[in-house]
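Visitor: Can you read through this structure? Questions will come right after.
The values are calculated or read from the model by the stated rules, or taken from the named source; none is laboratory data. No experiment lies behind these values; they were computed from the predicted model shown. Neighbour counts are summed over all protein chains in view; Cβ atoms, including those assigned to glycine, are modelled from backbone coordinates with ideal geometry. For the accessible areas, the whole protein counts, side chains as well, though only heavy atoms, and no ligand, DNA or RNA atoms are used. Shrake-Rupley method; radii C 1.70, N 1.55, O 1.52, S 1.80 Å.
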Amino acid sequence: MESRFSINSKNAEKASASSSTGVSSTSAFGQTLSIIEPASSHSSAISHQGSLLEKEGYRTSDAIDNTNDVTVITARSSETGGVVTIKIMTKVGNSGFCRKKGFYQEIEMMRQLNHPNLIKYYRSIETPNRYYIVMECAQNGSLSDLIREKGCLTEPGARSIYRQLASVLSYCNSRGCIHHDIKSGNILFDANSVLKISIFGYSYRNMINHCVVVDTDCESSSLTEPDYADIFGSGIVLFEMVFGKLPKGYDIVSLKHSLRRVHFPDEPAVDSECKSLISRILVPQHGNRISWNDIADTDWMLRQDIRKVEN
């Protein structure tokens, strides 16, 4: 079913285009380069990574994250001067096979999906010891940072962000891809404050009779509706934006949600239409949950916000 969310927002396209200049069109877009890299110990991994990336034209900068044999860094392209994000995954350990599977699956999904609110994939590099994925860099922080700074968002502000989130998630779900890890900390903004998400990590794309095989640890799998986790996750994010905190009873670590009923705080004051939308999203039984198309048609989503113009 085709989504009613438009992905042709002029502002989003303009911002997306300006943020994609980190790697020029003459780079190895869509290619996996096999490079011979000498074997190294874990303690010397950083120096090897820096040396390899410099040879490939990237001057490394800050480390964003470094957990479970996966390092995420920012780097500057010597060719264009643009900033990119590079995800580095080691091949060592018991999860090596799963990581190899995930590496190629991530690349395949990113090459086939194109949306102004999706982090762009530029190129990949494989060595005997590591995988590298070079992608667009969202430099303007996360939604979690924004909520922490402001306490909570105004409804017009939350609506603008949620429209973008619903647009990109409904686009991915309609093409058989579920994100499966939607939370405010994973929702980023680029230099133009355009929402950006990455489908890396917990994303899956194996359609079987309109269901998705969710293989989270290469040892177990289950079937679920394509948009099950993402619609529910988006509702949690919307709640957090307007109230400044997660719903009572929600376990952010597990997808086995303990919510049976949504309890709305007395403060801050939130419009009844917004509460109604959240209640229709955060339904434990996914068969009774509102769809992306119905979300797009709700009064709260269709409301036109008046922007104040300062003289």
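Visitor: Enter the accessible area of Val72 (Å², nearest 10), with the probe set to 1.4 Å and all protein chains included.
Guide: About 30 Å², rounded to the nearest 10.
Visitor: For the range 239-245, what does the Karplus curve 6.51 cos²θ - 1.76 cosθ + 1.60, with θ = phi - 60°, yield as ³J(HN,Hα) per residue in whole Hz, taken in order and with x for Gly and Pro?
Guide: Each residue's phi maps through the Karplus curve to give 4, 5, 5, 7, 10, x, 7 Hz.
Visitor: Separate question: Work out the FRET efficiency for Arg303 and Glu54 from their Cβ-Cβ distance, taking R0 = 45 Å, and round it to the nearest 0.05.
Guide: Computed FRET efficiency for Arg303 and Glu54 comes out at 0.35.
Visitor: Using R₀ = 51 Å, calculate the FRET efficiency as 1/(1 + (r/R₀)^6) where r is the Cβ-Cβ separation of Lys248 and Thr80; round to 0.05.
Guide: 0.60
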